[in-house]
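The values are calculated or read from the model by the stated rules, or taken from the named source; none is laboratory data. Model, not experiment: these values are computed from the prediction. Every residue, glycine among them, receives a Cβ derived from its backbone with ideal geometry; neighbour counts consider all protein chains shown. SASA here: full protein model, heavy atoms, side chains in, ligands and nucleic acids out. Shrake-Rupley method; radii C 1.70, N 1.55, O 1.52, S 1.80 Å.
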Amino acid sequence: MLEDLTEKLERSLKKITGQGRLTETNISDTLREIRRVLLDADVNYKVAKQFIEDVKQKALGQEVITSVTPGQLITKIIHDELTKLMGGSNQALLLNPSGITVILMVGLQGSGKTTFSGKLAKHLSKLNRKVLLTACDIYRPAAIEQLKTLGEQINVPVFSIAGEKNAIKIAGDSIEYAKANGFNTVLVDTAGRLHVDEDLMNEVEEIKKKINPSETLFVVDSMTGQDAVNSAKAFHDKVDFSGIVLTKLDGDSRGGCALSIKAVVDEPIKFISLGEKLDSLEVFYPERLASRILGKGDIVSLVEKAQEQFDEKEAEQLEKKLMSNKFDFEDFLGQIKMLKRMGSLKSLMGMVPGMNKAIKNTDIDEKQLVRVESIIQSMTKLERGDPKLLNGSRRKRIANGSGNSIQDVNRLIKQYKEMQNMLKMFNKKGFNKKMNLKNMRLN
Amino acid sequence: MALFDNINLEKLKAGLSKTKNKLVDRISETFTGKAQVDEELLEEIEEILISSDIGMDTTERIIENTRRSLKEKNSRDRDTFMQTLEEELIKILGKPTDLDEEINKIKSCKPFVLLIIGINGSGKTTTIGKLSSQFKNSGYDVIVGSADTFRAAANEQLEVWANRSKVKIIQSKTGADPSSVAFDTLQAAKQDNADIVIIDTAGRLHTKKNLMEELRKINNVLSKVFLYAPNEVYLVVDGNSGQNALIQAREFSKFTHISGLIVTKLDGTAKGGILFQICDELKIPVKFIGVGEGIDDLQPFVPENYVKALFS
């Protein structure tokens, strides 16, 4: 469904090539295409319209230079605009260096407030803050237990008052409790509420008045559709939240609601939350979300993830070995381990621009990697370094030792030999003398 | 039969019309002073439909179909247009939920087994609370099974609902195999001679392959105890969702046969328009809609009423 936006735009812009300049007539199809991309990503109708108008103004009259295609030019304008819109300063969480810091979570039901509270508590504990969680959701069954369970998992105490039916009192008391007991950070989790529910909206307003938080965070499901503008605006009018948290971005939603919300309330996006594991909290990068909204994949994350796992020294050594035909099974094993460190192949490839679609239909057999690994691990050090040693009886031993068939072992050795032959060819022909694996880092 | 006899159109209407932005006002505004349907008007309709999360493709098709039908009708006035548009929308949604049919289905198998699935925060457990209460009040013996062994306190949440509606619950321990809880629940139902079993599952994103496989396994385990089980697999979709809900439905369909949708949180200002696309592409009927936090705020789905509530 998502092909690279640039490709899409290239098609509609083909006719412009040679016209020298972007004009209202020659980019109208293109703008419609961009509008479709934004709407498919759940950007609000009105917000998309305004955005397209801005892009048009920026694009008109731009000269089409030969080194850049019109598609690339427009994509860049859009990307820059999106990044600018979603960026902005003041993204770091306001933490008082002395005294008490109170952070209030608000949002609709099921947006992920409680899970996020747990994550933020863990994050702040790591920064050596003394954190207290406050459970103010007196409505949803077992919401307080949920927060308590999370608190236990991360060793953060949870404040609650059994049987108390007044959320405002719980919030207020928790601050007193925190002060009296040496906590310097209080995270107040509240019940999910609909923005049209007057009573509950008044309640959250009262909570805010009572505890005077340094940050009020609006927690929103990244899968939210067109109505995100209405709920965000209503919450902002009522509690004047100071930041946005986008949750469930580990799914494949494009997160266009972030743009809509930014457009109506203009508060910074402070965190993105990926998944239920309590350490899957990330700082927000506007340009990545811009890419995601445009269906371009998250290339930056991919590169970073690869960098994290990619040891420069290892790469250099590998390069030397490849060049001198000394790439043995030991190196092979190292490569497999690196791949595994980088995480699921599928999720990695999903980050590659334009790959989203292709990847859905392919299933990479990660079990195959495990099998190869087990075979190599059943070889002796000597055998790994000198694969020529691998005669029939050794192969049989390896097959038995790793729980694979002799055919599997033979296949791996054959693949290894083919690879060696290929490397030999490369080196002989002399092209690509400097394959330079470091350039694999894509930056 | 008292099943869902609280059908309350007013509540749905109230929910769907809580905002000034409601479809109907805007359509009416759109039409004020205009006798003819022109391009500009169609564009305004497009905005209204897209703003309801119906999606660009489906919106374009609906408008196109409405135009085509209008040509045949040889009339372009407001009423005809609105009527035609409504007809097109209703056509996509298919048949209304037939409670007699549902009741007959329930009577045909003992126990009748429902599996409730969906992504995190869509409202599965709350929906099960409402469903079990409705069934219980209609005189059925209900057992619920808490196969959400992952989320903190999910068990306790379902337990509170079970106590409220006075139905039996089979609990799980955090980290236990959800399939084993599903199995235990069916065994208990067998022993107690229960009429209806409802299995709650952990919220899972459709992009997590291992969790989706787990769903397949739960499904298989149910079939092992009763060959016919599950009788119904309901996908719970948050009415606030945007276009991703269609992808969710598509992906979930690959791992289990979804027999119906339950659209929740329609008491806000979100319109739940994504259900048009799900119905259209995957031919999954909407069975119930959630319009509030109360135990009775679950209603059988009637396309005509839904569309009317959007427009009236």
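Here is how the numbers come out for the structure above:
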quantity: Residue match in the stretch B:59-77 (condition: part of a helix (DSSP H, G or I), under 21 Å from B:Leu266 (Cα atoms) and modelled with pLDDT of 85 or more); calculated: yes
quantity: Whichever residue in the stretch A:94-110 is within 24 Å of the chain's Cα centre (by Cα) and part of a loop (DSSP other than H, G, I, E, B) and, among such residues, is modelled with the lowest pLDDT; calculated: A:Leu94
quantity: Residue among B:Ala245, B:Ala194, B:Ala202, B:Ala189 that alone is touching a Pro at 6+ places or on another chain (Cβ under 7 Å) and within 12 Å of chain A (Cβ to nearest Cβ); calculated: B:Ala202
quantity: Residue within the stretch B:214-230 that is under 27 Å from B:Met82 (Cα atoms) and either touching a strand residue (DSSP E or B) at 6+ places or on another chain (Cβ under 6 Å) or not assigned by TED's automatic domain parsing to the domain that holds B:Ala176 (or both) present; calculated: no
quantity: Answer from B:Val167, B:Val236 - the residue that is more than 18 Å from B:Ile117 (Cα to Cα) and not polar (S, T, N, Q); calculated: B:Val167
quantity: A:Leu133 being of a type in the set (A, V, I, L, M) and open to solvent by less than 10 Å² (accessible area, probe 1.4 Å); calculated: yes
quantity: Residues satisfying the stated conditions in the stretch B:212-226, i.e. out of contact with any Ser or Thr (no Cβ under 6 Å at 6 or more places or on another chain) and surrounded by fewer than 18 Cβ atoms within 10 Å (Cβ to Cβ); calculated: B:Glu213, B:Arg216, B:Asn220, B:Ser223, B:Lys224
quantity: Test: residue in the stretch B:121-131 that is under 19 Å from B:Val233 (Cα atoms), within 11 Å of chain A (Cβ to nearest Cβ) and of a type in the set (Val, Ile, Thr); calculated: yes
quantity: Every residue from the stretch B:141-168 that is under 22 Å from the mean Cα position of the chain (by Cα) and more than 25 Å from A:Leu249 (Cβ to Cβ); calculated: B:Val142, B:Ile143, B:Val144, B:Gly145, B:Ser146, B:Ala147, B:Leu158, B:Trp161, B:Ala162, B:Ser165
quantity: Residue count for the stretch B:250-263, restricted to those that are under 17 Å from B:Asn305 (Cα atoms) and either assigned to a loop (DSSP other than H, G, I, E, B) or touching a residue at least 60 places away in the same chain (Cβ under 8 Å) (or both); calculated: 1
quantity: Residue list for the stretch B:112-134, restricted to those being in a helix (DSSP H, G or I) and of a type outside the set (D, E, K, R); calculated: B:Thr125, B:Thr126, B:Thr127, B:Ile128, B:Gly129, B:Leu131, B:Ser132, B:Ser133, B:Gln134
quantity: Residue among B:Lys168, B:Lys91, B:Lys105, B:Lys110 that alone is within 30 Å of B:Ile62 (Cα to Cα), away from chain A (no Cβ under 13 Å), of a type in the set (Lys, Arg) and open to solvent by 20 Å² or more (accessible area, probe 1.4 Å); calculated: B:Lys91
quantity: Search result, residues across the stretch A:251-273 that are assigned to a loop (DSSP other than H, G, I, E, B) and within 12 Å of chain B (Cβ to nearest Cβ); calculated: A:Gly251, A:Asp252, A:Ser253, A:Arg254, A:Gly255, A:Gly256
quantity: Residues within the stretch B:157-207 that are under 27 Å from A:Tyr139 (Cβ atoms), touching a residue at least 40 places away in the same chain (Cβ under 8 Å) and of a type in the set (Asp, Glu), tallied; calculated: 1
quantity: Restricting the stretch A:383-405 to residues that are open to solvent by 50 Å² or more (accessible area, probe 1.4 Å) and either outside any helix (DSSP H, G or I) or of a type in the set (D, E, K, R) (or both), the residue that is nearest to A:Phe327 (Cα to Cα); calculated: A:Asp386
quantity: Any hit, the stretch B:241-249, residues being touching a residue at least 12 places away in the same chain (Cβ under 8 Å), in a helix (DSSP H, G or I), more than 18 Å from B:Ile218 (Cα to Cα) and not hydrophobic (A, V, I, L, M, F, W, C); calculated: yes
quantity: Residue under evaluation A:Lys165, criteria (1) of a type in the set (Lys, Arg); (2) part of a loop (DSSP other than H, G, I, E, B); (3) within 14 Å of chain B (Cβ to nearest Cβ), criterion not met; calculated: (3)
quantity: The lone exception for B:Leu266 - which of (1) outside any loop (DSSP other than H, G, I, E, B); (2) surrounded by 24 or more Cβ atoms within 10 Å (Cβ to Cβ) it fails; calculated: (1)
quantity: Filter result for B:Gly272 (outside any strand (DSSP E or B), within 10 Å of another protein chain (Cβ to nearest Cβ) and surrounded by 24 or more Cβ atoms within 10 Å (Cβ to Cβ)); calculated: yes
quantity: Only listed residue being out of contact with any strand residue (DSSP E or B) (no Cβ under 9 Å at 6 or more places or on another chain) and either of a type in the set (Gly, Ala, Ser) or more than 26 Å from A:Asp189 (Cα to Cα) (or both), chosen from A:Ala121, A:Ala142, A:Ala135; calculated: A:Ala142
quantity: In the stretch B:285-312, the residues that are open to solvent by 10 Å² or more (accessible area, probe 1.4 Å) and part of a loop (DSSP other than H, G, I, E, B); calculated: B:Pro285, B:Gly292, B:Glu293, B:Gly294, B:Ile295, B:Asp296, B:Asp297, B:Val302, B:Ser312
quantity: Candidate set from the stretch A:182-201 (those that are surrounded by fewer than 17 Cβ atoms within 10 Å (Cβ to Cβ) and in contact (Cβ under 8 Å) with a residue 12 or more places away in the chain); member that is farthest from the other protein chains (Cβ to nearest Cβ); calculated: A:Gly182
quantity: Qualifying residue in the stretch A:232-248 (condition: open to solvent by less than 10 Å² (accessible area, probe 1.4 Å), within 14 Å of chain B (Cβ to nearest Cβ) and not in a strand (DSSP E or B)); calculated: yes
quantity: Candidate set from the stretch B:135-146 (those that are open to solvent by 20 Å² or more (accessible area, probe 1.4 Å) and in a helix (DSSP H, G or I)); member that is nearest to B:Val160 (Cα to Cα); calculated: B:Lys136
quantity: Qualifying residue in the stretch B:195-209 (condition: among the acidic types (Asp, Glu) and surrounded by 22 or more Cβ atoms within 10 Å (Cβ to Cβ)); calculated: yes
quantity: Residue within the stretch A:27-44 that is open to solvent by 20 Å² or more (accessible area, probe 1.4 Å), at pLDDT 75 or above and of a type in the set (Ser, Thr, Tyr) present; calculated: yes
